[in-house]
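Single-structure report; data block below.
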Amino acid sequence: MPAVELRGITKRFPGVVANDAVDFTAEAGEVHALLGENGAGKSTLSHILSGLYRPDEGEIRVHGVPVAFHSPRDAIDAGICMVHQHFRLVDRFTVAQNLILGDRRGAGRRFRIDPGAVTDQVRRLGERYRLPVDPRARIWQLSVGERQRVEILKALYEEAKVLILDEPTAVLTPDESRTLFETLREIVAEGRTVIFISHKLREVKAVSDRVTVLRAGRVVATTNTADASPQSLASLMVGRTLETVQRRHTGTAEGDVVLALEDVWAHSDRATTSLKGVDVSVRAGEIVAVAGVAGNGQRELAETIAGLRGPTRGTVRVGGRRLPGGDARAAYRAGLGYVPEDRLGTGVAPNLSIAMNVDLKSYRDDSWGPFLRLARMRRRAEEAIRTYDIKAPGPDAEADTLSGGNIQKVVLAREFAGRLKALIAASPTRGLDVSAVETVHRHLCDAADRGVGVLLISEDLDEIFALADRVLVMYEGRLTEAPRDDRETIGVLMAGGHPAT
Amino acid sequence: MRFTIERRLEQPRWLAVAVPIGSLLFALVVAGVVLLVTGHDPISTYRQLFDAAFISSGALDQTLIAATPLAFTGLAAAAAFRMRLFNIGAEGQLYMGAIVGAAAGLYFGGRGGPSAFVIAAMVVAGCLGGMAWGSIPGVLRAFLGTSEILTSLMLNYVAAYILTYLIFQSESYWRQTTGFNAKVFPTGKPLPPDAIWPSWTLNAQGGIGIPLGALLAVLVAVVLWVLYRRMRFGFEVQVLGDSDGAARYAGVRTRRKILAVMAISGAIAGLGGVSQDGDFRHALDGDPNGLQKQAYGYTGIVVAALARYNPFACLVVAFLLGGLNNAGNALQGADFPSGLVGVIEGIILFSALGGELLVRHRVRISRTAHAPAATEPAQ
Amino acid sequence: MSGVNNSLIVALIASGVAYGTPLLFGSLGELLAERSGVLNLGVEGMMLVGAVMGFWTVQRVHAGAAVALTAAVLVAALSGAAMALIHAFLVITLRANQIVSGLALTIFAGAVGLSSYLGNDLNLADVPASHSFHAIFPSSMQSWPIVGPIAFGQNALVYLSWACVAAVAYYLARTRPGLNVRAVGEAPGAADAMGIDVAKYRYAHTLAGGAFAGVAGSTFTLAITPQWVNGITGGAGWIAIALVIFAFWRPELCLVGAYFFGSLQALAPELQARNISLGPTELWTNSIPYVATVVVLVLVSWRGASRRLGAPAALGSPYVREEVS
């Protein structure tokens, strides 16, 4: 009897069918991977299984019994717990308080809370699964890796029989990922089930027993992992032979230095030192990649260069000209483009139209003194929509009604216009489907070919290897040059180790 | 049956006008029911209101008097709320404008110079007074991130106490100290004749006075519209109002914008205050039962919300609400339900708020997913 | 021993408790609503409706004082909750702007709206209350030094307010629903994922806020000035809102703050009774509560402090479960 069974699940959203008659089973004691590119419907399916969404059609069976979940609590009561990609934790609460939140079993039914008993329980649980956390620590004090531990502990505390993990390694170093996989194997050895959602073939091969491939909302295959080759999985994911953009590397670049950082130091939002003496130079036509796990200063690096943050020491030069710190407009004027990691929160103003977003930085150039030239702005927007093939009802559509890929196209359309000298792209393809990824990669390569110097900050090593001329690794605010092709050395550097000489 | 609320992908223009008008009609119906249930005749009550507001002799005159301050505070609120800066302090900023404006009038007036100069000085002074008071929450918000909602609210009280103090509790510059009445009841010093603002009379309904304040309000609306829709300033305001992150990213000077918008908003409210001195009261009114009872500042927020922050719509709504308030005052008495004005205004605003949802979202009614055993799953 | 009880300080605190009781009820209610993430600026309006309906009840119920007054307080609570229901529906279900909605409620229910309408239509003005709250403890206890007037000279509503403070404090800190509501106010997404019904909690606490506000209003018409006058609360609702911030969203501090503000309100009349004139100082004492609140606001929004001391993180924003995959 399978632990979990989904039959004929269909879910529709305005404009898209996210899941189309999906059949899926997961057995007790197995790690079952749900593989698919971004937008294939993996997250939707997991949200349905964990009770956050209700399917439009189809049924769910847990241990053979049909169930209907009206809320996440029902799923949790049925033994299905989700570990989210963006942690659903209350920052101000302690670890213990987060764990007991919403608990309906046993002690949970009691009206009063006994803080001492909970703390002990949590501590014992942490020790048992080798996920040590201080039950009395507040979430905002914890690191990203520790927060993920708390999320997993939460599922175990709720005595989940089925754990769903959504892209868990996105925030981990290769080493931490390995430890996570060991923990998962221990968990399933107890007879539980783990559903592992990912778009990374390598991980799926490493940790899962079986894999189900989703494409465009449909199941295309379910097979034993051991029997499937990476190539076959990849082509199942995409539906055709994968043809990623690969750059021709023409040796060391000869162009002028378009972006230079000299001994740059900067603070994070929490007033800790985030960048420690960063030196980097990017030449015209070069793509320099910065690898590293999130949280090591990448955001501060991008923001300092783009002028959203002032360095506490050091200088940033674009095109040879020194930039005043913390002045985004000056950076733009000097010819710097910035494709931010947070598309919706920073890259576009979500409720404003595409037209306004395309002109987000150039409206000053288009203006007549303090007055705007609305007709000119509109023409610019229409041209951008055409050139970048942005799928939208019109230039007045609000930015957040677009798909992720199209939003990124709006950002690109804006950043690539004008006299661009250097470009910073931070995780530009996160959350995008393969064709959108291809588009972005193509535009980055074209820009480099045109003479733009590109600084690519990414956590995706595959992306880095496909595009970069040079690779640097970021760890705890410092940049180290790494050999371009050496995945293992890069992995060591990402974890803060020193590669064997 | 399940109700799902979905975001609209496109917003048809007609909806943006239909919804406010629809909510107005809805509100009138609901208020009518309230009247009916409490033993009043809705039709005749509405007719009385309409008559007292717009038709009867002297009605339009009084309506304009009631509407002018609402136009100013409505524009002040709209200017700030547009950028999601919730300036609740128009009330206090109005008082401050009245105080500083009256001071200018008392100081520059009666010296034999041209009246236009005195009035111009009053206008500037009123704006400065409101601007200064509005800048306090502005500075706190811009530099310390403190919520302007509560700071501006608190300052309303402080401003009210200052106003009362100047007339009731001290022998200040603004206080009338000579004359018989002065000993009996504290009043403000009357403005000299050249500090009194002109008005122009239309020959209709027995003469409708168009006070200078009303014309200034129209001018402010035009300026605000141009500023927000046709100038770089307005573009940046829109971006900042939508997303802090995107605004910083685009290089918008966030702090300067916050300061500027709060200053503008305060200045407009202050102008409303000095208009009270110059157009209508002809002295500084520190009576807690006078200017302070009118709640122009708070009603202005209602005006702005109903007008969906459009400056010209603010003028129209101010006129309508002014008419409502005027009628409410005029009809006060034994058989007219007091408090009706507030009830109607409240219901109008409630339905406008509810209707707002419809502009951006669509409500879909669907049947629940059918029971598992009913259909054979597709292969 | 009566000498010390007649001193300014003791008299001030005793009056401060009396004046501060509606502030305490009002702020406790608003605290509950805000802890669930809902900002309700309509407290003044809800208080007035509670005041007028409580008064109407006590005039209409022909029974002993205890029954009539209890009924009056209950009716006041229900009326306040009914007003809050409007706001709750608009901002929770229809996701309207919480600030505008709260202001609309104040206008609708306030001194130029429903409370005035009811007060007039029901002919409640100019007649004293049939029953009103008086001190409970015998006068012998009331003359004990210091504690006498302050603790034993108060009426039942004051003692009720103390019980409420303890109850709300215990509820938030030590019970499961209290933990849940705090989660709803801080991170509704997390609460939702743990199966807590965000909307239900917000409705419940907003209505509770209204009930408290209603009782606060009835304190005026049944205890302080046992009579109905239009606009009798005189801005207490706004002070209650300020109080919640001043108290760092903690019930115990609401008590301290309410009596502090109450004492400031009592200052002028007490001094007058002693023939001490305040002069310009009155301006300062009147303004202190508001200025103090601004100072607290600045403190809690200071970057470092907000994490520990500040408002519930999700205060003021409507919660929509993400429906985009």
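Each 5 Å bin from zero up to the one holding the largest Cα-Cα distance in segment B:1-105 carries the following percent of pairs: 2, 9, 9, 11, 16, 17, 14, 11, 7, 3, 1, 0, 0, 0. Highest mobility in the GNM of chain B, judged by mean-square fluctuation with C-alpha springs under 10 Å and restricted to B:F108, B:F350, B:F185, is found for B:F185. Per-residue ellipticity at 222 nm, computed for chain B from helices alone with -39500 (n - 2.57) per DSSP H run of at least four residues, works out to -21500 deg cm²/dmol. With the convex hull drawn around the C-alpha atoms of chain A, the volume per residue stands at 167 Å³. Working note: Cα atoms of segment B:64-313, range along each principal axis, descending, whole Å: 64, 43, 32. Once you have a ≥ b ≥ c as the square roots of the Cα gyration tensor eigenvalues for segment B:140-202, tell me rounded if a/c is under 1.5, and otherwise prolate or oblate according to whether a/b is larger than b/c. Taking the square roots of the gyration eigenvalues as a ≥ b ≥ c, segment B:140-202 is oblate.
If you take the square roots of the eigenvalues of the alpha-carbon gyration tensor of segment B:312-357 and sort them as a ≥ b ≥ c, do you get rounded (a/c under 1.5), prolate (a/b over b/c) or oblate? Oblate.
Projected onto planes of every orientation and averaged, the convex hull of the alpha-carbon atoms in segment C:87-196 covers 11.9 nm². Computed from Cα positions, the angle between helix B:340-360 and the longest principal axis of chain B comes to roughly 40 degrees.
Once the Cα atoms are used to define both axes, helix B:59-81 deviates from the longest principal axis of chain B by about 60 degrees. Approximating the spin labels as points 7 Å out from Cα along Cα→Cβ, the A:A294-to-B:D51 distance works out to 6.8 nm.
For chain C, a Gaussian network of Cα nodes joined below 10 Å ranks C:T233, C:T93, C:T21 by mean-square fluctuation, and the top entry is C:T93. The charge dipole of chain C, taken about the Cα centre with unit charges on the Cβ atoms of Lys, Arg (+1) and Asp, Glu (-1), comes to about 620 debye, rounded to the nearest 20.
Based on a Kirkwood Rh over C-alpha pairs, give the Stokes-Einstein translational diffusion coefficient of segment C:2-308 at 37 °C and viscosity 0.692 mPa s in µm²/s. D, rounded to a whole number, is 166 µm²/s. Dividing the summed -39500 (n - 2.57) terms of all DSSP H runs of n ≥ 4 by the residue count of chain C sets its mean residue ellipticity at 222 nm at -22000 deg cm²/dmol.
Straightening the chain between A:D342 and A:V16 buys 115.0 nm, computed as 0.36 nm per residue apart minus the Cα-Cα spacing. Global dimensions of segment B:215-255 from alpha-carbon coordinates: Rg and Dmax equal 12.3, 40 Å.
In plain terms, the chain from A:T273 to A:D120 could stretch by 51.6 nm, reckoned as 0.36 nm per residue minus the Cα-Cα distance. For chain C, modelled as a GNM whose springs connect Cα atoms under 10 angstrom apart, the maximal fluctuation among C:I241, C:I136, C:I224 occurs at C:I136. A dipole drawn for segment B:64-313 from +1 and -1 charges on Cβ atoms has a positive end, and of B:N310, B:F108, B:F143 the residue lying farthest that way is B:F143.
Which residues in segment C:118-142 have a backbone N closer than 20 Å to a point placed 7 Å from the Cα of C:R60 along the Cα-to-Cβ line? Within reach of a label on C:R60: C:118-133.
Packing around the peptides A:481-491, A:421-431, taken as the average count of other Cβ atoms within 10 Å per residue, puts them in this order, highest first: A:421-431, A:481-491. How well do other chains shield peptide B:142-148, expressed as the mean number of their Cβ atoms within 10 Å of each residue Cβ? Neighbouring Cβ atoms belonging to other protein chains average 4 per residue here. Computed from the C-beta positions of B:Y173 and A:R376 and an R0 of 60 Å, the FRET efficiency is 0.65 to the nearest 0.05.
Each part gets one Cα centre, and for segment B:128-201 versus segment B:337-366 those centres are 34 Å apart. To the nearest ten degrees, helix A:434-449 and the longest principal axis of the Cα atoms of chain A are 20 degrees apart. Across the alpha-carbon atoms of segment A:114-238, the computed radius of gyration and Dmax are 16.6, 54 angstrom. Based on the Stokes-Einstein relation at 10 °C and a viscosity of 1.306 mPa s, and on the Kirkwood radius from alpha carbon pairs, segment A:379-501 is assigned a translational diffusion coefficient of 98 µm²/s. Taking only the Cα atoms of segment B:176-278, the ratio Rg/Rh comes out at 1.20, with Rh defined as the Kirkwood radius. Please grab the % of Cα pairs in the protein assembly as shown that end up more than 64 Å from each other. Here the long-distance tail beyond 64 Å is 14 percent of all Cα pairs in the protein assembly as shown. Helices in chain A, meaning DSSP H runs of at least 4 residues, each add -39500 (n - 2.57). Divided by all residues, the mean residue ellipticity at 222 nm is -9000 deg cm²/dmol.
Each part gets one Cα centre, and for segment C:151-211 versus segment A:445-501 those centres are 52 Å apart.
Going by a ≥ b ≥ c, the root eigenvalues of the Cα gyration tensor, does segment A:356-404 fall in the rounded group (a/c under 1.5), the prolate group (a/b larger than b/c) or the oblate group? Judged from the Cα gyration tensor, segment A:356-404 comes out prolate (a/c at least 1.5, a/b above b/c).
Since only B:A90, B:L219, B:M262 are under comparison, the one whose Cα sits farthest along the positive direction of the charge dipole of segment B:64-313, derived from C-beta charges on Lys, Arg, Asp and Glu, is B:M262.
Laboratory data are not the source of any read-out in this text; all were calculated from the coordinates shown. Because the structure is a prediction, the values reported are computed rather than measured. Because the Cβ atoms are built from the backbone with ideal geometry, glycine has one as well, and the counts that use them run over all protein chains shown.
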